[in-house]
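What follows is a set of notes on a single structure, which appears directly below.
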Amino acid sequence: KTRTGSVEFSPLNSAEPPPARITTGIDELDRVFGGGIARSSAVLVGGDPGIGKSTLLLQAAASMARAGTKCVYISGEEAVSQIQGRARRLGVEAAPVQLAAETDLRSILKALKASTPEIIVIDSVQTLWSDSLEAAPGSVAQVRACAQELTRFAKKTGAAVILVGHVTKDGQIAGPRVLEHMVDAVFYFEGERGHQFRILRSVKNRFGPTDEIGVFEMGELGLTPARDPSALFLAGSEAEASGRAVFAAMEGSRPVLAEVQALAGPESAGNPRRSLVGWDNPRLAMLLAVFDARCGLRFGMRDVYLSVTGGYRIAEPAGDLAAAGNTQIDVAHAASASACATSI
């Protein structure tokens, strides 16, 4: 190493050890993190309101605390009594997790310096405010400044900071885009409210894979790792029903089976409907255009419904084949039914 002024340089080939990790004790969570939470890292977890972000992180903090890791959980949205009540419902009230309800960044940093925790959960970053700025809590300036201070604290002290982030109606984490660039890892917690499973998806990870997912099942005692995600996605499917296909998608290091269902209605004089669940509208529009131009199948005046069962979302291009086969078969059934009705 060489020092020039106040800046210290290290050679590229220096044998620096990899960052130490703290395992959460939750297999699916450790899988997504890349083997555990890296020390000195700042992690951002986003998701819809009520999807289970706070539940997952409280369970993780309790698991790590029981293993001897010093964990602090700071909430700007709930009182300490509310967090304690949730812990009792989850059965983790005996874990030695330190709780606080605070939004003032200066007070939070002062308390953290005095207690020297190893894991810090902040729920949520949009509720924090710094008295060095006149902007309102949740504003772009406040979110950026508070996240920057907490990230700097993590780098200096070796603690891992986990920030919970709100998302906008289009699924993006609320606040400045620089927030995602500032932290070391970004994860999205997804799921449909009508289904019992949740997916933690990695979109950025400086210390692990960025294409990995963790699947959890929501139950009375909170979130538990799903041992067989494919069984959850295929639960209740009818093997002999038309308009369905099982598709094998690669999610990180493992294949996941998901069912794609399609329904094409008869031609109508009104505006056709396009109803999609777990699928992108531009991809469906492209498939229907290919059917029209290359296959002689006219969908211009037909209602088309396409759903990925279980609330799972397919982004892999290979899934187009399952959707195309389903839609083509189903429109043939619809045409046969119309011809039968006309002959009767």
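Taking the helices alone, the chain has a mean residue ellipticity at 222 nm of -9500 deg cm²/dmol, built from -39,500 (n - 2.57) per DSSP H run of at least 4 residues and averaged over all its residues.
Three principal axis extents of the chain based on alpha-carbon atoms, in descending order, are 85, 50, 43 Å.
Can you flag which of 70/110; 113/156; 110/155; 53/169; 110/156; 156/204 are past 19 Å Cα-Cα? Could you put the intermediate results ahead of the total?
Working: 70/110 17 Å; 113/156 11 Å; 110/155 16 Å; 53/169 17 Å; 110/156 14 Å; 156/204 22 Å.
Table pairs above 19 Å Cα-Cα are 156/204.
Taking 25 Å as R0, compute the FRET efficiency from the Cβ-Cβ separation of residue 77 and residue 169 and round it to 0.05. Write out the running numbers ahead of the final one.
Working: r = 19 Å, r/R0 = 0.76.
After rounding to 0.05, the efficiency reads 0.85.
What percent do you get for the relative contact order of the chain when only Cα pairs under 8 Å and 6+ apart count? For the chain, the relative contact order is 16 percent.
Computed extension length for residue 204-residue 293: 28.2 nm, one decimal, from 0.36 nm per residue of separation with the Cα-Cα distance subtracted. Membrane-span-like helices in the chain (whole DSSP H runs, Cα extent of at least 27 Å along the helix axis, mean Kyte-Doolittle hydropathy of at least -0.5): 319-343.
Filter the trypsin sites (Lys or Arg not before Pro) in segment 133-186 down to the DSSP loop ones having no more than 16 other Cβ atoms within 10 Å, then list what survives. It would help to have the intermediate numbers written out before the result.
Details: sites: 144, 152, 155, 156, 169, 177; in loops: 169, 177.
Listed in order of number, the matching sites are 169, 177.
Stretched out straight at 0.36 nm per residue, the stretch from residue 195 to residue 7 would grow longer than its current Cα-Cα span by 62.4 nm. Each other residue within a Cβ distance under 14 Å of residue 123 adds +1 if Lys or Arg and -1 if Asp or Glu, for a net charge of -1. Return the single residue from 112, 57, 200 with maximal mean-square fluctuation; model: Gaussian network over the chain, springs between Cα atoms under 10 Å. So, out of 112, 57, 200, the one fluctuating most is 112. Along the axis of the charge dipole computed for the chain (Cβ charges of +1 for Lys and Arg, -1 for Asp and Glu, origin at the Cα centre), the listed residues 309, 186, 85 are led at the positive end by 186. Highest mean first, the peptides 313-323, 61-71, 285-295 sorted by other C-beta atoms within 10 Å per residue fall in the order 61-71, 313-323, 285-295. Kirkwood radius and radius of gyration were both taken over the C-alpha atoms of segment 21-112, and their ratio Rg/Rh is 0.94. If you bin all the Cα-Cα distances of segment 98-226 at 5 Å, starting from zero, the percentages per bin are 2, 9, 18, 20, 19, 16, 11, 4, 1, 0.
Could you sort 98-109, 39-50 so that the peptide with the highest average Cβ count within 10 Å comes first and the rest follow in order? Don't skip to the end; give the middle numbers.
Values: 98-109: 16.9, 39-50: 20.2.
Highest to lowest by the protection proxy: 39-50, 98-109.
Here, each number is a calculation from the coordinates, and none is a lab measurement. Predicted model only: the values in this text are computed from it and were never measured. Positions of Cβ are generated from backbone atoms using ideal geometry, with glycine treated the same way; all protein chains shown enter the neighbour counts.
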